[in-house]
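Undergrad: Below you will find the structure I want to go over with you.
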Amino acid sequence: MRSCWLLPLSLLLSTAVEAANNDSQSLFWGTWRPNLYFGLRPRLPHSLMTGLMWFGTQDYLSVGQTRHQCDQGDGLDAYTWTAHDPREGGVEILKDGKNNVEITIEWLKVLGGDHGGSWAARIKGVPMDPERPTRTSFIPYFGLEGLGSLDLENEEDDTGLEGQIALSGSSPDLGDFKIRIVEHPDNKAVLSGAFEDDFHDTIGRTPYLGINLEDDTVWKAKDVVMSKLITLAQSNIESYRKAENGYPDPSFVLRLPNEVYSGSNLFAIQKTFDGKFQFDIFFESDSVKQKLDSSLLDQGIPAFNDAFEHRFKSIFPLPSTFGQSELEFSEAITSNLLGGIGYFYGNSIVDKAPEYEWDEDEDTEEAEAVPGKATAHYTEPKQLLTATPSRSFFPRGFYWDEGFHLLHIGAWDTGLALDILHDWIDLIDENGWVAREQILGEEARSRVPSEFVNQHPTYANPPTLTMAIMTIVSRMRTSREIQDPLADFAMPDSAQLPFTGESASRSAHQPTSDEALTYLKTIYPALKRHYEWFRRTQRGQIKQYSRTARSRTEAYRWRGRSPTHVLTSGMDDYPRGPPHAGELHLDLISWMGFFTKTMRDMADFIGEREDEVASLYTIYAAQPGPYQERAREIYTKLRENIIKNVHNEYVRTGYVWEQYDALTGEGRRSHPFTGWTSLVTLSES
């Protein structure tokens, strides 16, 4: 599925010439700021970043709850991507009952040119309750970090701007570009209210702000912009404090200051509406031939929705017993997973000192710490494209979750999954370690409790990335029917990945066999280093406790467990005995068996036959047993119950949840959550 349907017929031939470049850049721009309700950026460390804020102007209290970052405390009734393809665009619906507005955000890419293409976004809304007032103020912003320039094309005016708003910019990676904001002609501004005569010169005009921010601080745009707005509002209402008729209408007062500072690299534009509204934002790369206008979105969004549903049904065919509600639910889960992918760049904090006394006897290089010397330090900056378990609560990469994410993402877009996996493999250091939480940069750290910021180089997580690698190898070995990566572990047929034929597996985003083989050879050395790190740092004690075992070396224990939790295991609160240096963990031993099988199969496939890693697999590989049929029955019932409960709670609450109450089935903790819960789509199909 490509974006050719977005282009007029006269440009189809030139578009075909650019096809190869388009495919390589189709993942350049994206909703790579998943911690925001809506934020776009390219996959570059320092470049243009966009975001969107909004608040109600029906009173003065709503501005104190300005929406920007996804936050459970905002109390939105729901926010969900109903359709999303990172290569094409998406549709997101946000229901903000406190401000009585249902917002729809639509965005599309137009590929081409030399700098990642262009894009268009439409923000529109309607009152949720027509009987209540809906006065909403939106502030889209655009911040350029790194080398380059960003300027306001409109002539500055102390009373605000009229008509189309235009910015122009340039950077080494983006080339020359323009940004335009265009309102729908039927929009209504707030024209009447208390003390309207005092503000006649600014009513109906567009407030704006240009300010200079240092690199790596554009993420603080909300704090900076709203501080300017609040400061001006406080000054404006000062003269009304003793007025008998109260204060002016908030729509007249809660406005940006209409000023641009020298050297500004962040611009915020404010649009305030009374009732129904719509405005479009266009980012146009000068190297793209097609110029954008509202007809692109008028025609493109319905076409995108149709293409998305058609492709979704071909990849994730649902049983005939499922209806439209289950289809929309499954599409939303997949879309939220894809819409939760983010690009992160920055340093992290690593601490070699153990946290618990039962880990203090380690003699590995990773655990070395000099007494009396600070052990925490910043790493060199790294980049990472990754899915996130929860946009509101866990808006960063988690090793444990990512393996499950990639099973789902890989079903939709193998090339995208390989890009993500490659970034994770690149994080493996010279010792073979990769942090289980990727907290890269100050923005990511701002969302993490201080006690969880430091990462420890002896702490592991279940090597779930191996599941994605097993899938790649399996796909390459099977030309027509793609087998489930867990097939060797006697999983039921209904649990296999939903690839059933050529049309589903050989999509436009599927690499050729030669490309995939080259890819596997590229990542193999780092993955082998990671495997050896696991065996070295997570080994358990056998001889020290005179244990009888089939192997004197292959026993394992999770490091970093507290008396109540084993966060490193992925099963955080699974009940275990008191922590002890001599304990062994069956779940980790099982994971190591799976990891070993992955390395054996991968080495065999790419021709690294000198690497002997089969011994552990022969010890711990799954074997047929007397309870297989009973296990199949339990699986079938459990699958039905999970699908039904997650779906019902989504319908009831508008969200997919991290946990579900064991007795009532009600959603608990973080939401929306696309960690393990997103696998329901695979279970359905």
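What follows draws every value from the coordinates through simple rules; no lab data is involved. Please read these numbers as outputs of a predicted model, since none were measured by experiment. Glycine also receives a Cβ, built like all others from the backbone with ideal geometry; neighbour counts cover every protein chain displayed.
Undergrad: Could you please state, rounded to a whole Å, how far the C-alpha centre of the range 632-673 is from the C-alpha centre of the range 263-321?
TA: 31 Å
Undergrad: Tell me the angle of helix 294-315 to the major Cα principal axis of the chain, expressed in degrees between 0 and 90 and rounded to the nearest ten.
TA: Compared with the principal axis, the helix lies near 20 degrees.
Undergrad: Which ordering of Thr458, Thr379 is given by a fewest-first count of other beta-carbon atoms within 10 Å? Before the final figure, lay out each step's value.
TA: Details: Thr458 21, Thr379 15.
Listing Thr458, Thr379 from fewest to most nearby Cβ atoms yields Thr379, Thr458.
Undergrad: Let me make sure I get this right: for the range 3-312, a, b and c are the square roots of the gyration tensor eigenvalues over alpha carbons, sorted descending. Under 1.5 in a/c it's rounded, otherwise prolate if a/b > b/c, else oblate. Which is it? Working shown, then result.
TA: Numbers: a/c = 1.98, a/b = 1.54, b/c = 1.28.
Because a/c hits 1.5 or more and a/b exceeds b/c, the range 3-312 counts as prolate.
Undergrad: A follow-up question, please. For Ala549 and Ser320, FRET efficiency with R0 = 56 Å and r from the beta-carbon atoms, rounded to 0.05? List each step's numbers first, then the result.
TA: Details: r = 51 Å, r/R0 = 0.90.
About 0.65, to the nearest 0.05.
Undergrad: Under Stokes-Einstein, with the Kirkwood radius over Cα pairs standing in for Rh, what whole-number D in µm²/s applies to the range 213-280 at 4 °C and 1.567 mPa s? Could the numbers behind the result be given before it?
TA: Working: Rh = 14.3 Å.
Translational diffusion coefficient: 91 µm²/s.
Undergrad: Taking the Cα atoms only, what angle lies between the long axis of helix 414-426 and the longest principal axis of the chain, rounded to 10 degrees?
TA: Taking the Cα atoms of the chain, the angle to 414-426 is about 70 degrees.
Undergrad: Greater than 21 Å separation of Cα atoms is the criterion. Which listed pairs, Lys95/Lys220; Lys95/Lys228; Lys222/Lys271; Lys313/Lys644; Lys95/Lys178, meet it?
TA: Working: Lys95/Lys220 25 Å; Lys95/Lys228 27 Å; Lys222/Lys271 16 Å; Lys313/Lys644 19 Å; Lys95/Lys178 31 Å.
Pairs exceeding 21 Å: Lys95/Lys220; Lys95/Lys228; Lys95/Lys178.
Undergrad: List the lysines whose Cα lies under 24 Å from the Cα of Lys528, skipping any in the same chain that are fewer than 8 positions away.
TA: Partners found: Lys352, Lys382, Lys597.
Undergrad: Shifting gears a bit: Treating only the Cβ of Lys, Arg, Asp and Glu as charged (+1, +1, -1, -1), what charge dipole size does the chain show about its Cα centre? Round to the nearest 20 debye. Intermediate values should be presented prior to the final figure.
TA: Working: 66 positive and 101 negative charges, 363 e Å.
My answer is approximately 1740 debye.
Undergrad: Would you mind checking the tilt of helix 221-237 against the longest principal axis of the Cα atoms of the chain, expressed as 0 to 90 degrees and rounded to 10?
TA: 30 degrees
Undergrad: Ignoring everything except DSSP H segments at least 4 long, calculate the 222 nm mean residue ellipticity for the chain; use -39,500 (n - 2.57) per segment, divide by total residues, nearest 500.
TA: Numbers: 16 runs with 204 residues, N = 685.
The helix-only estimate for the chain comes to -9500 deg cm²/dmol at 222 nm.
Undergrad: Which of the aspartates and glutamates could a cross-linker span from Lys543 if the Cα-Cα distance has to be under 15 Å and same-chain partners fewer than 8 positions apart are dropped?
TA: The qualifying aspartates and glutamates are Glu554, Glu583.
Undergrad: At a Förster distance of 41 Å, what's the computed FRET efficiency of Asn154 paired with Glu451, Cβ-Cβ distance as r, to 0.05?
TA: Values: r = 48 Å, r/R0 = 1.16.
After rounding to 0.05, the efficiency reads 0.30.
Undergrad: Starting with the fewest neighbours, write out Trp591, Trp676, Trp29 ranked by other beta-carbon atoms found within 10 Å of each beta-carbon.
TA: The order, fewest Cβ neighbours first, is Trp676, Trp591, Trp29.
Undergrad: Among the DSSP beta bridges whose two residues both lie in the chain, what percent are antiparallel, rounded to the nearest 5?
TA: DSSP beta bridges in the chain are roughly 95 percent antiparallel.
Undergrad: Quick one: order Glu357, Glu155, Glu331 by neighbouring beta-carbon count within 10 Å, fewest to most.
TA: Working: Glu357 9, Glu155 6, Glu331 22.
Fewest to most other Cβ atoms nearby, the residues stand as Glu155, Glu357, Glu331.
Undergrad: To the nearest Å, what is the center-to-center distance of the range 425-475 and the range 172-211, using C-alpha atoms only?
TA: That distance is 43 Å.
Undergrad: Kindly work out what percent of the DSSP beta bridges joining two residues of the range 3-312 are antiparallel, to the nearest 5. Walk me through the numbers before you get to the answer.
TA: Working: 75 of 77 bridges.
The antiparallel proportion sits near 95 percent.
Undergrad: Next question. May I ask you to derive the FRET efficiency for Asn347 and Asp573 from their Cβ-Cβ distance with R0 = 30 Å, giving the value to the nearest 0.05?
TA: Values: r = 31 Å, r/R0 = 1.02.
Once rounded, the FRET efficiency stands at 0.45.
Undergrad: Sorted from largest to smallest, which semi-axis lengths in Å does the alpha carbon gyration tensor of the chain give for its equivalent ellipsoid, taking the root of 5 times each eigenvalue? Mind dumping the intermediate values first?
TA: Numbers: eigenvalues 435, 164, 126 Å².
Over the Cα atoms of the chain, the semi-axes work out to 47, 29, 25 Å.
Undergrad: In nm, what is the difference between 0.36 nm times the number of residues separating Asn187 and Glu360 and their Cα-Cα distance? Intermediate results must be reported in sequence, preceding the final value.
TA: Details: separation 173, 0.36 × 173 = 62.28 nm, distance 6.53 nm.
Result: 55.8 nm gained on full extension.
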